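Novice: My structure is below; once you've seen it, I'll send some questions.
All of the numbers you see were taken from the coordinates with simple rules; none came from a lab. Since we're looking at a predicted model, the values are computed, not measured. Don't worry about glycine lacking a Cβ; one is built from the backbone with ideal geometry, like all the others, and counts go over all protein chains shown.
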Amino acid sequence: MPQTKVLLVGYNGANNTGAEALLLSDIEDVRAVLGPDALITVPTLNESNLRRYVQEGPNLRIVPIPALFPLAVRQLVAEHDLIMLVEGHCYMDDSTSLLLWAYLWATHCAHTMGKPSLAYSVDAGQLSPVNRRLVRHEASKTDLIITRSQAAADRLRACGVTAPIKVTADNAFNFQTAASDEGWVQRVWPEARSGLAGLAAVNYHLWPVVMRPWGKRQDCYKWPYYFSTSPERRRAAAELANGYAALADCLVREHDKSIALICMEELDEPFARRVQQHMVHAGRARLFSAREYSASQMTTLLRSLDLLVTSRYHGCVLSLAAQVPQVAVGHDLRLKTIYDELGFTAQFFLDPHTPNLCATLKERVEKLLANPSLEKESLRRGYEEHLRNSRGNREFLRSFVKDHGWEVAA
């Protein structure tokens, strides 16, 4: 039998905990379905970051691609048998349209070349009118789209997407931490004995990333892509950092909590440092970044918390196994969708434009600390349901492979 070549197109090498957990779970699924001899290719804009957590071997290769990607992606599609879109933030443009266009371009190339394409456990959001038309036209060419929520499937149908759609749950629910990381938090931060609160904060005023020929170095994501900036955005970010710092100080002063400033993506580090710098009790806080720590270690940290305040979707997903009480400040639909599924939106999901956001956030945090069991049963049921549904991803992949005539591993 000829070797099956699989291309995994996603947000690879960004030092992002969620993307790392997803990619590792997806690789496990491909190997379980197609066998260890399948050749898996992972393209990336940042090769050195990706090599931190993905090991190349005879049947797994890392391929760097340029920031101006169309020709490189087209060539990679031509070289492979199966094209899989594995970025959860797939059919969304709130952070940038550029990644959306990359995924749609890969689908377009696969369709024109007669290659099977599969969107694997992905999400969909509100789109600009132009991007809605693009998604309707190009995503409809996908052989199968597996969404990680019914809401995502409904949004794609509302766009006019006609491709077959199946609904499961985020594949990161299948991510397994390393046994060696058990007790890791206590080993690296023994001072945090009195309890641990986590802030997975995001400076959402930087988004969306846009394409420009030039700009200030500090505003550059990766040339020619730049963060959105303006005096108003900078003032709003400073106010948000001050609000998080005040909340962190309250947790230290009134509840004797140590503060884990959790950077689920390397991009979150500057904002986390600003929060710590504004804290009166800065010595009781510590940064934990996906740049430095593996997805296994970051997940272990998330599951060690007494309380989580998150603006990162995978902060919720990866902490759910431990039923960590949590409040979300959600700047895109992913967090709102999963909080809807958990039944928490009315009480514990805050829109970033909520009047008196920081005061309202503190009120919700105090409510949870006063009654930590308030969410426990819903978190437990939600985790069990999402884990059960996420196991459907591999079964749909197995059926897809069979339907396209490839041999399935025993």
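Novice: Taking θ as phi - 60°, what are the ³J(HN,Hα) couplings along segment 111-122 by the Karplus curve (6.51, -1.76, 1.60), each to the nearest whole Hz, with x for Gly and Pro?
Specialist: Each residue of segment 111-122 in turn: 5, 5, 8, x, 9, x, 10, 9, 8, 10, 6, 10 Hz.
Novice: Percent of Cα-Cα pairs more than 21 Å apart in segment 180-386, please.
Specialist: Details: 11163 of 21321 pairs.
For segment 180-386, the share of Cα pairs beyond 21 Å comes to 52 percent.
Novice: Can you list residues from other chains, or at least 5 along the same chain, whose modelled amide H is less than 5 Å from the amide H of TYR221?
Specialist: Those lying under 5 Å, H to H, from TYR221 are TYR226, PHE227.
Novice: By how many degrees, between 0 and 90 and to the nearest 10, does the Cα long axis of helix 150-159 differ from the longest principal axis of the chain?
Specialist: 60 degrees
Novice: Sticking with this one: Calculate how steeply helix 333-342 sits against the longest principal axis of the alpha-carbon atoms of the chain, using the helix alpha-carbon long axis, and give the answer as 0 to 90 degrees to the nearest 10.
Specialist: The answer is roughly 80 degrees.
Novice: Could you grab the Rg to Rh ratio for segment 1-108? Cα atoms only, Kirkwood for Rh. Mind showing how you got there, number by number?
Specialist: Working: Rg = 13.1 Å, Rh = 14.0 Å.
With Rh from the inverse mean 1/r over Cα pairs, Rg/Rh is 0.93.
Novice: Of LYS257, LYS376, LYS362, how do they rank once you tally other Cβ atoms within 10 Å and put the fewest first?
Specialist: Lowest count first: LYS376, LYS362, LYS257.
Novice: Hey, any idea what the orientation-averaged projected area of the convex hull of segment 273-407's Cα atoms comes to, in nm²? Each step should come with its number before you reach the end.
Specialist: Details: hull surface 43.6 nm².
Mean shadow area of the hull around the Cα atoms is 10.9 nm².
Novice: How much net charge surrounds SER230 when only the other residues with a Cβ under 13 Å from the Cβ of SER230 are counted, with Lys and Arg +1 and Asp and Glu -1?
Specialist: Numbers: positive: LYS216, ARG233, ARG234, ARG235; negative: ASP219, GLU232.
So the environment of SER230 carries a net charge of +2.
Novice: Something else about it: As an exercise, find the ratio Rg/Rh for segment 313-365 from alpha-carbon atoms, using the Kirkwood inverse-distance average for Rh. Show your work: numbers first, answer last.
Specialist: Numbers: Rg = 10.7 Å, Rh = 11.3 Å.
Ratio of gyration radius to Kirkwood radius for segment 313-365: 0.95.
Novice: Now, a different point. Testing the spin-label approximation: label points 7 Å from Cα along Cα→Cβ at GLU363 and GLU384. State their distance in nm.
Specialist: 3.4 nm
Novice: Longer than 21 Å from Cα to Cα, which of LYS166/LYS402; LYS115/LYS141; LYS141/LYS336; LYS141/LYS222; LYS5/LYS222; LYS5/LYS402 are they? Say none if no pair is.
Specialist: Details: LYS166/LYS402 16 Å; LYS115/LYS141 11 Å; LYS141/LYS336 28 Å; LYS141/LYS222 30 Å; LYS5/LYS222 29 Å; LYS5/LYS402 15 Å.
The answer is LYS141/LYS336; LYS141/LYS222; LYS5/LYS222.
Novice: Right, another one. Treating the angle as unsigned and between 0 and 90°, give the value, to the nearest 10°, between the Cα long axis of helix 392-403 and the longest Cα principal axis of the chain.
Specialist: Long axis of 392-403 versus the principal axis of the chain: about 10 degrees.
Novice: Which cross-chain or sequence-distant (5 or more) residues have an amide H under 5 Å from the amide H of LEU144, H modelled 1.01 Å from N in plane?
Specialist: HN-HN under 5 Å from LEU144: SER117, ALA119.
Novice: Another question, if that's okay. Would you mind listing how long the chain runs along its three principal axes, going by Cα atoms, in whole Å with the largest first?
Specialist: 64, 48, 39
Novice: Hey, another quick one. In segment 79-223, what is the volume of the convex hull around the alpha carbon atoms, normalised per residue and reported in Å³? Intermediate values should be presented prior to the final figure.
Specialist: Values: hull volume 28.1 nm³, N = 145.
Dividing the Cα hull volume of segment 79-223 by its residue count gives 194 Å³.
Novice: A further question on this structure: Relative to the compact globular guide of 2.2 N^0.38 Å, what is the alpha carbon radius of gyration of segment 1-54, as a ratio? Working shown, then result.
Specialist: Numbers: Rg = 11.5 Å, N = 54, 2.2 N^0.38 = 10.0 Å.
So segment 1-54 has a normalised radius of gyration of 1.15.
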